[in-house]
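Values in this text are rule-based calculations from the coordinates and carry no lab data. Keep in mind the model is a prediction, meaning the values are calculated, not measured. Note: ideal-geometry Cβ built from the backbone for every residue, glycine included; neighbour counts use all protein chains shown.
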Amino acid sequence: MTPEENIGFGNNPESENEIKREIERETGQNLQQTFQQNLQSAEKPGRRKVQNSIISDLRKEQILEAAAVAVNDSGYMNTSLSKIAKQANISTALISYYFPTKRELTDTLLRTLLKKQEDYIHEKVVNAQTPLEMLYIYIRSYLSYSTMQPQENNALTEIILNARDENGKPYYKATGLEETELLEKILTAIQSKGGFVGMDAKSLAVIILGAVKEYSINESASEKIDYETYCNELIETVSKLSGFSKKYTYEPIINDPRN
């Protein structure tokens, strides 16, 4: 995000008036009709509070979706509040109202994108019968997510690689987020069954995740090796490292997008 626009959060009379006008427009008749069913279930004294909460959640979601598109299209370093506002069709002042600082907006977007990716992978992994099968499905689902959700995946990669705090520390490290946490748990479970003997689960998680992410972000790699071949080769390599052999038949999560 460019400094002159993404640090321009603050209060001034013009911004406050603009925000007020936007909020007033949001609480107009159309929105009231949209949320009528929700409001009817609330107690009358709390209806305004419920309405404002729903509006706020939807507006934040709109801003985050626009931010993801902007980061995907322009790259993190070239994304500005004005680009996000244009994508969301709202004012920069309204973005500042819901996300007062650059850090808050970036952190929320990062957490949201990671949560989407994590939910997608977990939905696939949870159906596995064994820890080793979990690992194979984790690899396939991580790779398939980058293909099925390229916009979210690209935006997430941009933030992880380029977003830094005032001390130069990557945002995702400063927030305490551990991208390898699920993978480490799977590897530890495999080790409890006698796999990956003498190997450090955290180091192994970094190696496997690195191989997966490299294919996801390296266009030349995906051009040289198709998705299915890369999945099979990586799973075979990991299987040999584990000391076990592949003992289950799996169906591809997705087909090769180029076919």
ask   = For a paramagnetic label modelled at 7 Å from the Cα of Lys202 toward its Cβ, which residues of region 109-143 fall within the zone defined by backbone nitrogen distances under 14 Å?
value = none
task = Estimate the FRET efficiency between Thr108 and Met148 by the formula 1/(1 + (r/R0)^6), using the beta-carbon distance for r and 25 Å for R0, to the nearest 0.05.
result = 0.60
task = Provide the packing ranking of 137-147, 162-172, i.e. peptides ordered by the mean count of other C-beta atoms within 10 Å per residue, highest first.
result = 137-147, 162-172
ask   = Can you list residues whose amide H is under 5 Å from Arg164's amide H, if they're 5+ apart or on another chain and H is modeled 1.01 Å from N?
value = Tyr171
ask   = Whole-Hz Karplus ³J(HN,Hα) for region 149-164, in order, using 6.51 cos²θ - 1.76 cosθ + 1.60 and θ = phi - 60°, x for Gly and Pro?
value = 10, x, 5, 5, 5, 5, 5, 4, 4, 4, 5, 4, 7, 10, 6, 10
Global form of region 185-227, assessed from the alpha-carbon gyration tensor, a/c cut-off 1.5 = prolate
remark   = So for region 60-128, using the alpha carbon gyration tensor with a ≥ b ≥ c as root eigenvalues (a/c under 1.5 gives rounded; past that, a/b versus b/c decides prolate or oblate), I'd call it prolate
